[in-house]
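The values are calculated or read from the model by the stated rules, or taken from the named source; none is laboratory data. Just so it is clear, the structure is predicted and the values come from calculations on it, not from any experiment. No Cβ is skipped: glycine too gets one built from the backbone with ideal geometry, and neighbour counts run over all protein chains shown. Each accessible area value is taken on the protein alone, full model and side chains, heavy atoms only, with ligands, DNA and RNA left out. Shrake-Rupley method; radii C 1.70, N 1.55, O 1.52, S 1.80 Å.
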Amino acid sequence: MIPRTARTVLGLATVTALASACSLSGGSSGGDAQQTPTVTLVTHDSFVAPQDVLDAFQRQSGIKLKILKSGDAGELTNKLVLTKANPIGDVAFGVDNTFASRALNEGVFQAYTSPEADRGPQRYSVDPQHRLSAVDVGDVCVNIDPAYFASKHLPEPKTYDDLADPKYKDLTVAESPATASPGLAFLLGTVAKYGEQGWHDYWAKLKANGVKVDSGWEEAYTKDFSGSSGKGPRPIVVSYASSPAAEIGDDGKPRTKALLDTCFRQIEYAGVLANTKQVPQAQKVVDFLLSQQFQSTVAANMYVYPAREGVDLPAGWAAAAPLPQDPATLPADQIQAGREKWIGEWRSLMGA
Amino acid sequence: MALAHGRVTQAQTARTAGLALLGLLPVAFLVVFFAWPVVAILGRGFSAGGVDTVLADAQTWQLAAFTLVSAAASTVVAVVAGLPVAYVLARVKLPGVGLARTLVLVPFVLPTVVVGLAFRALWPDGGVLPLVLANAFFNVAVVARTVAGLWSYLDPRATEAARALGASPWRAFRTVTLPALGPAVASAAAVVFLFCATSFGVVLILGGGRYRTLETEIYLRTVDLLDLSGAAALSLIQFAAVLAALALGAIARKRRENAVKLKQSAPRRPRKGEWWTVGAATVVIALLMTPIAALLVESVSTPDGWSLAGFRALAGTGTDDALQVSGWVAAKNSLAAATDATLLAMTVGVLASVVLVALRRAPGRLARGMGETMDAALMLPLGVSAVTVGFGYLVTLDALPGDLRTSPLLVPLAQALVIIPLVVRMILPVLRAVDVRLRQAASTLGASPARVWREIDLPLTARSLVAAAGFGYVVALGEFGATSFLARPDAPTLPVAVATLISRPGELNNQMAYAACALLMIVTVAAVALIDRFGSVRGHGTVGEF
């Protein structure tokens, strides 16, 4: 005889399961999945694509694209590493040059050369097997609030060295490379500029000059930086080359400015995951990310530059967010070899 | 005779079997969605080696010390601030008390990133003080509502007797009321300590990288450095600290068994010296409301003056589609996920509580030992890092049918994990208080265990069930840690949408973030107001430990 309680338990469990299923299945259309293959694109939290472009891809390719956001570039890479044997998706986008070597060394991606790659993305190639294709390019640069310098009759800073100049004491806010990706890019920029030894001295000077270090971009940009809506006290912040494009006032002019001599280039890659069961479909998704159609959306939606050549940028970008001509960069292997060590050294140097 | 005896034994066997089955579901849930993922990810850390080096590092222990000391400080602040509020909620009859009861819960659900930024506005350089205060800010509600739950049932005659014998009000409070409240205070303090010791976003923003805790370091090593062995070592220490806090809380709760006789007494207007306490409570509530008011102001201000643009923008997806769905859809997602999480947590939590009570009443030390172990195990999800659980899901749940790792079900599952301990803490004491003789009488008259539960326990505990479900619902609405790991972009909850919006440049996105945050507060206040209406039939504080 089954005790009554057992039946109650089963009943409750069924009710719970049904209730959960009811309110959760609202968004997905079950019948669809049977006909069209669904390919999962694993990406970072900043991924944005217009729905009509995604819909057009589905119509043209017959592939339904499911997007799975998974943290920032570092978190995404680490999740892909942890799940490489049985990946949570079929194709990934958003592993950048600061984490590319970790993903490649761990065998997360498989070789694929997209026919679209010769339209520019190949310039940023990181490995001879072409396991990763460059999708977009963004630069982390120091941003300033020109109004502040105008009101104090102070010349605007231009270079890394200026930030350490006593003239600009207590004016800079940066992010910790341990917890924020622009912070890591800024540290890498100083390593590229001053060398594996020299950066220690530079940061010691920055510290003496009152640089403030926040743990995330949000606090630095929205609370400490004077050029954003937060109207903080500091007119110099580590952000992106494209940030001024989001700070355009009523007069159509940007209220902030990126210092183009203080940039470190971040390149974001896409690739087919090593153990996916849908190789040809995943390859089509890589082609799509490199296509003219998708590439023309990245500037307005993700504040980055397309990797493809000859793609139009939104109006105003030429003035507000020009692409730096000569940004600092480091080989992915050198970053992989040094990343954790530099972060550790930086933390003990800065007492963070 | 022999026949009757046989019937009793058979009934007992059936009851034991039923109990075992009842206990199976909560245990299975915890094993599959908590223990297995956590053990799997820690196991990877251990097999990678180097755990001993981290444990031998002096810095590790500094980190542990700072975590414990700052969490203890926040707990003290929350208790000191929460007590006068608890007094007002439980004892005072004044206009506005009902509103205060609702409002004190709002801080508890605010997204940590927003509260962090609000405190940064007051203390631009961050530091230990704002960190301690912010963690306390979140948890005053836990103390106020837990303690008020017991306080409204304390027999006031003991205090009056002490006063009649010449004790000053302070002395009467110290020697009569406080000892009686002790178990509730200790129980609340244990929960608050757990929340503070594992708080993440606030420490990150207000600690500014200078002040780190075990939790932020576990996050950093797992998410950014993929240093799983370092994370495993730190998790061990955190685990030990959590177990210690749970043990202390359990000892304090045990003392309640023989607590003073409870008798519901009607709240009344305060007299003379009691106004000081009311004043203190008013100050605390005003302080709690300050950051909230600041957030509301921020949601309607632009460089060009007041504007509702942020709220209007909630109908859309933000500048350049910062969100994948509109703010309203995110609000709907929050409501749906919280509903599922509450259903799950109530099922698991109520079953667990029923089993715990039965185990406690069962004869023999073994059963009681099992009960205590299960009680502690149910609390553990509060003390384990969300990132540990989240990354654990990645390496385990693909073994289950349907590959749950990327399922939208994960969000309510993870939220339920957070709520279950709270549900158990609220239902358990009331369930224990149900008179055993009533149940025995019903059983003797031939009622099955399920019928006894339906006819006796359920009606007697209905109020605290509603209160627990409501509180769980509110916590799920605001849950961010686990949700942020698991929420899918096409189905963000409101707190996740707030975090996404605030991490993008641009005026409108910023306003929209604060508007979404205001929306979250409004939804919370509405939910809490409804719950308090149903949960406190006689115009009293909610029963249970919250």
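Points to keep in mind about this one:
- Qualifying residue in the range A:236-243 (condition: touching a residue at least 24 places away in the same chain (Cβ under 8 Å) and more than 24 Å from A:Ala73 (Cα to Cα)): yes
- Contacts under 6 angstrom Cβ, first residue in the range A:36-59 being within 11 Å of chain B (Cβ to nearest Cβ) and farther than 23 Å from A:Tyr303 by Cβ, partner surrounded by 22 or more Cβ atoms within 10 Å (Cβ to Cβ) and modelled with pLDDT of 90 or more, 6 or more apart: A:Thr40/A:Gly89; A:Thr40/A:Asp90
- If you go through the range A:198-223 and keep only what is facing chain B (nearest Cβ under 7 Å) and either out of contact with any helix residue (DSSP H, G or I) (no Cβ under 9 Å at 6 or more places or on another chain) or assigned to a helix (DSSP H, G or I) (or both), you end up with A:Trp217, A:Glu218, A:Glu219, A:Tyr221, A:Thr222, A:Lys223.
- Contacts under 6 angstrom Cβ, first residue in the range A:298-312 being closer than 22 Å to A:Cys141 by Cα and at pLDDT below 90, partner aliphatic (A, V, I, L, M) and in a loop (DSSP other than H, G, I, E, B), 6 or more apart: A:Asn301/A:Val48; A:Met302/A:Val48
- Some residue of the range B:203-213 being of a type outside the set (Asp, Glu), within 21 Å of the chain's Cα centre (by Cα) and within 11 Å of another protein chain (Cβ to nearest Cβ): yes
- Answer residue from the range B:451-464, given it is within 13 Å of chain A (Cβ to nearest Cβ) and in contact (Cβ under 8 Å) with a residue 24 or more places away in the chain and is nearest to A:Gly230 (Cα to Cα) among those: B:Asp457
- Any hit, the range B:483-490, residues being under 30 Å from A:Lys231 (Cβ atoms) and of a type in the set (Phe, Trp, Tyr): no
- Among the residues listed as A:Gly183, A:Gly230, A:Gly249, A:Gly189, the single one being within 10 Å of chain B (Cβ to nearest Cβ) and buried (at least 24 other Cβ atoms within 10 Å of the Cβ): A:Gly183
- Residue count for the range A:288-305, restricted to those that are within 14 Å of chain B (Cβ to nearest Cβ) and under 15 Å from the mean Cα position of the chain (by Cα): 7.
- Candidates in the range B:278-300 are the residues that are within 14 Å of another protein chain (Cβ to nearest Cβ) and open to solvent by 40 Å² or more (accessible area, probe 1.4 Å); of these, the one that is nearest to B:Pro107 (Cα to Cα) is B:Ala294.
- Scanning the range A:233-285 for residues that are touching a Gly at 6+ places or on another chain (Cβ under 8 Å), of a type in the set (Gly, Ala, Ser) and within 26 Å of A:Lys212 (Cβ to Cβ) gives A:Ala241, A:Ser242, A:Ala245, A:Ala246.
- Test: A:Lys277 is outside any helix (DSSP H, G or I), surrounded by fewer than 18 Cβ atoms within 10 Å (Cβ to Cβ), at pLDDT below 95 and of a type in the set (Lys, Arg): yes
- Highlighted here are the helices (runs of 4 or more DSSP H) found entirely within the range B:413-529 that include at least 1 residues which are touching an Asp or Glu at 6+ places or on another chain (Cβ under 6 Å) and either within 30 Å of A:Leu65 (Cα to Cα) or of a type in the set (Gly, Ala, Ser) (or both): B:494-502.
- Residue tally, condition free of Cβ contacts under 8 Å to residues at least 60 places away in the same chain and under 30 Å from A:Gln293 (Cβ atoms), over the range A:128-156: 3
- Tally, over the range B:181-237, of residues that are surrounded by fewer than 24 Cβ atoms within 10 Å (Cβ to Cβ), free of Cβ contacts under 8 Å to residues at least 40 places away in the same chain and small (Gly, Ala, Ser): 0
- Put simply, of A:Asp224, A:Asp170 the only residue that is acidic (Asp, Glu), open to solvent by 20 Å² or more (accessible area, probe 1.4 Å) and out of contact with any Cys (no Cβ under 9 Å at 6 or more places or on another chain) is A:Asp170.
- Total residues in the range B:320-366 satisfying the condition of being assigned to a helix (DSSP H, G or I) and either crowded, with 23+ Cβ neighbours inside 10 Å or within 12 Å of chain A (Cβ to nearest Cβ) (or both): the figure is 29.
- Applying the criterion of being facing another protein chain (nearest Cβ under 8 Å) and part of a helix (DSSP H, G or I) to the residues of the range B:217-238, the residue that is farthest from A:Ser70 (Cα to Cα) is B:Leu220.
- Among the residues of the range B:82-116, those that are more than 14 Å from chain A (Cβ to nearest Cβ), within 28 Å of A:Lys223 (Cα to Cα), hydrophobic (A, V, I, L, M, F, W, C) and surrounded by fewer than 24 Cβ atoms within 10 Å (Cβ to Cβ) comprise B:Leu103, B:Val106, B:Phe108.
- Selected residue (criterion: modelled with the highest pLDDT) from residues of the range A:322-352 that are within 12 Å of chain B (Cβ to nearest Cβ) and outside any helix (DSSP H, G or I): A:Gly351
- For the range B:128-154, the set of residues classified as open to solvent by 10 Å² or more (accessible area, probe 1.4 Å) and farther than 19 Å from B:Leu83 by Cβ consists of B:Val128, B:Leu129, listed by residue number.
- Selection status of B:Ala64, within 21 Å of the chain's Cα centre (by Cα), away from chain A (no Cβ under 14 Å) and either open to solvent by less than 20 Å² (accessible area, probe 1.4 Å) or of a type in the set (Ser, Thr, Tyr) (or both): no
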